[in-house]
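First comes the structure, then the notes that go with it.
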Amino acid sequence: MMLYVMFVLSLLPLASAVRVELYANETIATFLDYYGVIFFQPEEPPASPMSCSEQSACDGCDSEMACGGSLPLDLSTGGDTLRFVWNAPEDQIIHITGDYTMEASWAGGGSGWITQGGDFGTELELRLDTPNCKAEYQDIDVNTDVTLDFDDGGIGHTQSYQLLKSSVDSFVELRAGCAIHMHMRFEPTNDGILDLKFKKLTITAIYDSQKTAQGEREYTWSTSGSMWIREPAGGSIELLGSIIDPTEAASTTTTDASTTVPPTTTSPDSSTVDPTEPAATTTTDASTTVPSATSTSPASSTVDPTETSATITTNTTTDASTSVPPTTSTSPESGFVPASTQSSSPQRFSTSASSLFLILASLVAAI
């Protein structure tokens, strides 16, 4: 019987951790006119749409513009594990940095003056509230029951920080009114360096689910005093985007049409033709190359046959079916002049006059 019960229990699904996914939202800080802070918005479990309005952080406090929403959570079925995941936006990482090497040297090589007397750390804070609820207060031990996991997105970054584990600096509380309150403080290491780069930071806390309110409850969140990571004093916090290879960026550069150099056309003798010459008025098929201008060699009256072809086709629309016929003559150095460029020959005229004289003489003799 006992074995049967154990077998049935083994088939039951194990309770999964209560998991809350938060995503950095730069637009919130811009809208609220905040500087040096990144606000986060819960998205999982499926949260209600965020809204912004005048809110007061406490009784008697002045109201101010704040944004917030709600999400459902059931701590009674969380398998005693509560997990908060702080995510950077897609294709970005969160970078928190501060260089306090000067202060560290004043402290005598890292005697603890920085963490005890300076305010050089960055703070992470979250608060979720639910109304009309009672539970047993739980102060989760940061030293033994809280773990941090930085995911740098594969960039291979070594996180440089120290977590202050005093009850006033870093804590996770499940309060008697069922509120969840988390606060973490990251300080520079003893050498004065604070340097965090992460795609997401997962903070896991172990608690006792039997001491929580039973069943699912709606929890509210607000940017009024929480749901943020703040920049360290004298340091910075920012979202870094993807790095583009400058050689790839150069290959995709678009050239302005006004500065585009037209393709160079070369004549059959491989000489380069000035693109500013009248060839621009000649429309040619890509398969047909027409020299752009005709030139006569100053050394002689002979004309290059390839240039003669250009003279014939200038200002003519040419397609693939009409191409410049190949030249079969000898080179200009041989003294050949194409027929299209010859003048009337005196030798040809004298031969015609002699023939006419003989014919007239024959007619006179016959008479």
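The values are calculated or read from the model by the stated rules, or taken from the named source; none is laboratory data. In this text, all values refer to a predicted model and were calculated from it rather than measured experimentally. Neighbour counts run over all protein chains shown; Cβ positions are idealised from the backbone, glycine included.
Filtering Phe150, Phe171 for residues that are within 23 Å of Phe40 (Cα to Cα) and buried (at least 19 other Cβ atoms within 10 Å of the Cβ) leaves a single hit, Phe171. Each residue in region 78-106 was checked for being modelled with pLDDT under 95 and of a type in the set (A, V, I, L, M), and 2 of them qualify. Taking the conditions (1) under 23 Å from Lys211 (Cβ atoms); (2) modelled with pLDDT of 90 or more in turn, Asp149 satisfies each one other than (1). For region 58-73, give me each residue that is assigned to a strand (DSSP E or B) and charged (D, E, K, R). Matches in region 58-73: Glu64 only. Taking region 181-231 as the range and being in contact with a helix residue (DSSP H, G or I) (Cβ under 8 Å, 6 or more places away or on another chain), β-branched (Val, Ile, Thr) and surrounded by 20 or more Cβ atoms within 10 Å (Cβ to Cβ) as the test, the residues that pass are Thr212, Thr223. Being assigned to a loop (DSSP other than H, G, I, E, B) and in contact (Cβ under 8 Å) with a residue 24 or more places away in the chain is a property that Gly156 lacks.
Within region 75-104, being buried (at least 16 other Cβ atoms within 10 Å of the Cβ) and in a loop (DSSP other than H, G, I, E, B) holds for Gly78, Asp80, Ala88, Gln92, Tyr100. Looking at region 167-214, which of its residues are more than 40 Å from the chain's Cα centre (by Cα), polar (S, T, N, Q) and assigned to a loop (DSSP other than H, G, I, E, B)? If the condition is that a residue be more than 40 Å from the chain's Cα centre (by Cα), polar (S, T, N, Q) and assigned to a loop (DSSP other than H, G, I, E, B), then Ser167, Thr212, Gln214 are the ones that fit.
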